[in-house]
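Undergrad: Have a look at this one before I ask anything.
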Amino acid sequence: MTPVFHWDNGLKLTKADLAIDVRRRQPRAFISHAHADHIARHQYALCTPETAALYHLRLGRRPTLDVPYREPIEWGGLRLTTYPAGHCLGSAMLLAEDGEQSLLYTGDFKLGESATAERAELPRADVLVIESTYGHPGYRLPPRDEALGQLFEEVARALADGAVPVVEAYALGKAQEVTRLLTGAGFPVLQHKQVFPISRVYESFGVDLGDCGLLRGDPPPGHVLVVPPRTARFETVAREVRFAVTGWAVDRGAKYRLRVDHAIPLSDHADYEELLEAIGRVAPRKVYCTHGPESFVERVRDAGFDAHPLGRPSQGRLF
Ligand SMILES: [Zn+2]
């Protein structure tokens, strides 16, 4: 039996000769979402229409084949179907089926609620390749309402004190979600010039971000600024209160390491509990873990699954 996938400087679906989220140019590649560490200037890319729009924005117009959620295509002897991954606009899991066996590649994903990304769906599969960034028991995020409560309270306090709240968030995904959450709570937002064009793509796909515009010149009073991480201080602003919105906020001392006043634990990645929940729902015969700590593989084995690390030469076989 042909293996489902193999490792050749990156994950490849063997039958279809399709590279998955490989960061170097490929003849044919599937892009799970448009974060920089998942894209390259491929000759031909398969992705959701939303990811295609973001990919074109980031790297210029390139040949792509739209694979909308839940609409299977036949490709190189495989049936390929995308499912929402809950991570950012257009983020997709990929289910590959050859009639005998099935493989689900999660890409970056989150199971819980998102203000701006479609909620993740997990089909069953024989083989699961799971992105396990937060695969350590220390990464259990607090309830979402608690994190949001902290964000809104501190933003309101900063505004009341005459300071400018500046929220650092990744330009694609987190920035749009935090904008939607802030505008939904009644705080008008101005976005950095690296964030705003991405937000326009969100809006073109019907994601309403509320009272949000492009920051030009000095920030007017009463607004929250949403900027990429490590954006320099605004020289004309007398007093800033800086926020980082990230899953790493659960680390002790995160705000010092991130050099912000408040680190808010809101993530667009599955936390430890969600990773284990996802594996249980997919109910695979084999699990391959990527991007996470090696100890996570042991924990998945302890939970009763045949688990392996991915990222070095390996072949995905069912036997
Ligand atoms: Zn990502």
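Undergrad: I need every pair where a residue in the range 105-125 that is within 17 Å of PRO49 (Cα to Cα) and within 15 Å of the ligand (Cβ to nearest atom) has its Cβ under 6 Å from the Cβ of a residue that is open to solvent by 10 Å² or more (accessible area, probe 1.4 Å) and of a type in the set (Val, Ile, Thr), sequence separation at least 6 or different chains.
TA: That search, which allows pairs on different chains as well, returns THR116/VAL207.
Undergrad: A further question on this structure: Could you please find all residues in the range 38-53 being open to solvent by 10 Å² or more (accessible area, probe 1.4 Å) and at pLDDT 95 or above?
TA: Those that are open to solvent by 10 Å² or more (accessible area, probe 1.4 Å) and at pLDDT 95 or above: ARG41, GLN43, TYR44, PRO49, GLU50, ALA53.
Undergrad: Next up: Can you name the condition, by its number, that ARG24 falls short on among (1) in contact (Cβ under 8 Å) with a residue 40 or more places away in the chain; (2) out of contact with any helix residue (DSSP H, G or I) (no Cβ under 7 Å at 6 or more places or on another chain)?
TA: With respect to (1) in contact (Cβ under 8 Å) with a residue 40 or more places away in the chain; (2) out of contact with any helix residue (DSSP H, G or I) (no Cβ under 7 Å at 6 or more places or on another chain), ARG24 is out only on (1).
The rows are residues; the columns are (1) away from the ligand (no atom under 16 Å from the Cβ); (2) in a strand (DSSP E or B).
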{"position": "PRO219", "(1), (2)": "yes, no"}
{"position": "GLY222", "(1), (2)": "yes, no"}
{"position": "VAL226", "(1), (2)": "yes, yes"}
{"position": "ALA238", "(1), (2)": "yes, no"}
{"position": "TRP248", "(1), (2)": "no, no"}
{"position": "PHE305", "(1), (2)": "yes, no"}
{"position": "HIS308", "(1), (2)": "yes, yes"}
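Undergrad: Ok, one more. Mind checking whether some residue in the range 54-61 is within 17 Å of the chain's Cα centre (by Cα), within 16 Å of the ligand (Cβ to nearest atom), crowded, with 22+ Cβ neighbours inside 10 Å and not polar (S, T, N, Q)?
TA: The answer is yes, given that some residue of the range 54-61 is within 17 Å of the chain's Cα centre (by Cα), within 16 Å of the ligand (Cβ to nearest atom), crowded, with 22+ Cβ neighbours inside 10 Å and not polar (S, T, N, Q).
Undergrad: Could I ask something else about it? Please state which of the following conditions LEU275 fails to meet, knowing it meets all the rest: (1) more than 28 Å from ARG144 (Cα to Cα); (2) open to solvent by less than 20 Å² (accessible area, probe 1.4 Å).
TA: With (1) more than 28 Å from ARG144 (Cα to Cα); (2) open to solvent by less than 20 Å² (accessible area, probe 1.4 Å) applied to LEU275, the lone miss is (1).
Undergrad: Quick one: which residue in LEU95, LEU151 is touching a residue at least 40 places away in the same chain (Cβ under 8 Å) and not aromatic (Phe, Trp, Tyr)?
TA: Just a single option satisfies the conditions, and that option is LEU151.
Undergrad: Being small (Gly, Ala, Ser), under 22 Å from ALA249 (Cβ atoms) and out of contact with any Cys (no Cβ under 7 Å at 6 or more places or on another chain) is the filter here, so list the residues in the range 99-145 that pass it.
TA: Pass one, the range 99-145, residues small (Gly, Ala, Ser): 99, 102, 107, 112, 114-115, 117, 120, 125, 132, 135, 138.
From what's left, under 22 Å from ALA249 (Cβ atoms): 112, 114-115, 117, 120, 132, 135, 138.
Scanning the range 99-145 gives GLY112, SER114, ALA115, ALA120, GLY138.
Undergrad: Confirm whether THR51 is more than 18 Å from ASP17 (Cα to Cα), within 19 Å of the chain's Cα centre (by Cα) and either in a loop (DSSP other than H, G, I, E, B) or within 16 Å of the ligand (Cβ to nearest atom) (or both).
TA: So THR51 passes the test.
Undergrad: So, in the range 11-37, exactly how many residues are within 16 Å of the ligand (Cβ to nearest atom) and either open to solvent by less than 10 Å² (accessible area, probe 1.4 Å) or among the aliphatic types (A, V, I, L, M) (or both)?
TA: Number satisfying all stated conditions: 10.
Undergrad: Are there any pairs with C-beta distances below 7 angstrom linking a residue in the range 158-179 that is farther than 16 Å from ARG242 by Cβ to a residue that is open to solvent by less than 10 Å² (accessible area, probe 1.4 Å) and hydroxyl-bearing (Ser, Thr, Tyr), with the two at least 6 apart or on different chains, and if so which?
TA: So the pair list comes out as GLN176/SER199; GLN176/TYR202; THR179/SER199.
The values are calculated or read from the model by the stated rules, or taken from the named source; none is laboratory data. All values derive from a computational prediction rather than experimental measurement. Here Cβ is always computed from backbone atoms with ideal geometry, including for glycine, and neighbour counts include all displayed protein chains. Accessible surface is based on the protein model in full, side chains and every heavy atom, while ligands, DNA and RNA are left aside. Shrake-Rupley method; radii C 1.70, N 1.55, O 1.52, S 1.80 Å.
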